[in-house]
Amino acid sequence: MPTVAIVGRPNVGKSALFNRLAGRRIAIVHDQPGVTRDRISAPCHISEQPCTIIDTGGIGATLDDGFGAAVTTEADIAMQTADLILFIVDAKDGITVIDEDLAKRLRKSKAPVQLIINKADNEKQDLLTGDFATLGYGEGIPVSAELGKNMHMIADAIDKVVEPLNRDIEEAEQVVKKEGLKIAIVGKPNAGKSSLINAILKDDRTIVSDVSGTTRDAIDVPYEFLGEQHTLIDTAGIRRRTKMDSSVEVFSSMRAERSIRRADICLLVIDCAEGVSAQDRKIARIIQDEKKPCLIVLNKFDLFHPNAQKSARLEEATEHVRTELFFLAYAPYVCVSALKKQSIGLVFSKLAEIRKAAQNPITTGKLNRFLGEAFAKKPPQAKKGTKRLKLLYATAAVNDRYTAIPVPTYILFVNDKRLMQEHYEQYLTNRLREDHPSPGIPITFSVRSRNATDEKKRR
């Protein structure tokens, strides 16, 4: 659902407005600034279009030297996650320095900003609302959250922004359901990519040869499965540039890399009989760098120690892949024989598992509770003479909400992002996978300092 964030300095009536929009008392309303410490969300009750409203708490809980940093943090969070920002000011107090600072920061937002002038309880205060136009967001909407005045005007403003977003989402969901997945089948030359496609299609659609490099281009092959029209992208085998015989091979490799970028998920096909090679690791790195969901297909499993017991063969294959492709540990695997059409059904069964898990992302509340527990269980180490890394808030963002397999980026707002160490980020990754399994989906952290201005000064 689209999100609407309520942003403003302390005691301007954010929580009172939140309760009005939610249609019930959820946030605590009090004259003391900083009562709301946590971010609270609820469905919007007064708008025709469905959306989620968020009361941004915590800014200005104490009027000390850290106040400016807190304003920055909340503004950044709102700008990163909201589709519409309601910027609340106080008609009785007029424009303050904090209002001006917050207005300046909100201009960086990609989301539209609607100025809301709260506590305009009578006509006298209505006449003063024009002064707020100097903030740069128009005359604003004069309201009284306490009296319920002009709530319909806020509802209209929300619907104007949210309605096209909801329409796009509905259309995109229909397109995703109709088109299914774009599946890039990648691997080094002669790993059996074309054979795998033919086995899936149960048809000799693509050329299969023992000569490596038979597939020169990225070929889009339609495949209908369970009512969905998937696209199988048969790519040219990626070889090291030094081993490419011609410019044709170079361009074929470039097309294969582009296919990875435009795919919803990648099937990394590995010749199980030969084992993981340096080129397999290079292709796996490309998939990892592009932050793509991935399923490893161990092909030619019939040639992998054929005389040994199947359980022993599976165990050895698993150990080999996990050791050689340790950095792609998030990717599950299946063992197949494309040539003999053995275990091909496992591919789409595993794809369905990956897709289903991706549709159940961790909620913001659970993410923050989990990270809080992780930090408490194993606090970050502080280098001599430096501060310790502190987590202020975390949220998840999806770069493309319309993708068939959404991949979230976990945004961590901290006191200083330079204090985040690689081994600690890996610790958080491992804990997150244990707590919220998402097979086939990469975990990406974006660590951001709470005050970008101070960070630039330190540089």
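The values are calculated or read from the model by the stated rules, or taken from the named source; none is laboratory data. Keep in mind that what you see is a predicted model, and the values were worked out from it rather than measured. Heads up, the Cβs are rebuilt from the backbone with ideal geometry, glycines too, and the neighbour counts pull from every protein chain shown. For the accessible areas, the whole protein counts, side chains as well, though only heavy atoms, and no ligand, DNA or RNA atoms are used. Shrake-Rupley method; radii C 1.70, N 1.55, O 1.52, S 1.80 Å.
Restricting attention to segment 365-396, which residues are among the polar types (S, T, N, Q), open to solvent by less than 80 Å² (accessible area, probe 1.4 Å) and out of contact with any strand residue (DSSP E or B) (no Cβ under 8 Å at 6 or more places or on another chain)?
THR386
Among residues belonging to segment 308-337 that are under 26 Å from VAL407 (Cα atoms) and in a loop (DSSP other than H, G, I, E, B), point out the one that is farthest from the chain's Cα centre (by Cα).
Of all residues in segment 308-337, those under 26 Å from VAL407 (Cα atoms) come to 318, 321-335.
If we keep only those that are in a loop (DSSP other than H, G, I, E, B) as well, we get 325, 329-332.
Details: LEU325: 24, ALA329: 19, TYR330: 16, ALA331: 17, PRO332: 20 Å.
Filtering first and then ranking leaves LEU325.
With respect to the conditions (1) farther than 25 Å from GLY275 by Cβ; (2) at pLDDT 90 or above; (3) touching a helix residue (DSSP H, G or I) at 6+ places or on another chain (Cβ under 7 Å), ALA376 lacks only one, and its number is (3).
Considering only residues that are part of a helix (DSSP H, G or I) and open to solvent by less than 70 Å² (accessible area, probe 1.4 Å), which ones fall in segment 100-124? Correct list: ASP101, LEU102, ALA103, ARG105, LEU106. None of THR81, THR56 is within 21 Å of ARG448 (Cα to Cα), at pLDDT below 80 and open to solvent by less than 10 Å² (accessible area, probe 1.4 Å) except THR56.
Number of residues in segment 421-445 that are open to solvent by less than 30 Å² (accessible area, probe 1.4 Å) and either touching an Asp or Glu at 6+ places or on another chain (Cβ under 6 Å) or at pLDDT 90 or above (or both): the value is 8. None of HIS320, HIS305 is without any contact (Cβ under 8 Å) to a residue 12 or more places away in the chain and either surrounded by 14 or more Cβ atoms within 10 Å (Cβ to Cβ) or of a type outside the set (Gly, Ala, Ser) (or both) except HIS305. Taking the criterion of being of a type outside the set (Lys, Arg) and modelled with pLDDT of 85 or more, the residues of segment 168-190 that qualify are LEU181, ILE183, ALA184, ILE185, VAL186, GLY187. Quick check: anything in segment 269-285 open to solvent by 10 Å² or more (accessible area, probe 1.4 Å), more than 21 Å from SER195 (Cα to Cα) and either of a type in the set (Val, Ile, Thr) or assigned to a loop (DSSP other than H, G, I, E, B) (or both)? For segment 269-285, residues open to solvent by 10 Å² or more (accessible area, probe 1.4 Å), more than 21 Å from SER195 (Cα to Cα) and either of a type in the set (Val, Ile, Thr) or assigned to a loop (DSSP other than H, G, I, E, B) (or both): absent.
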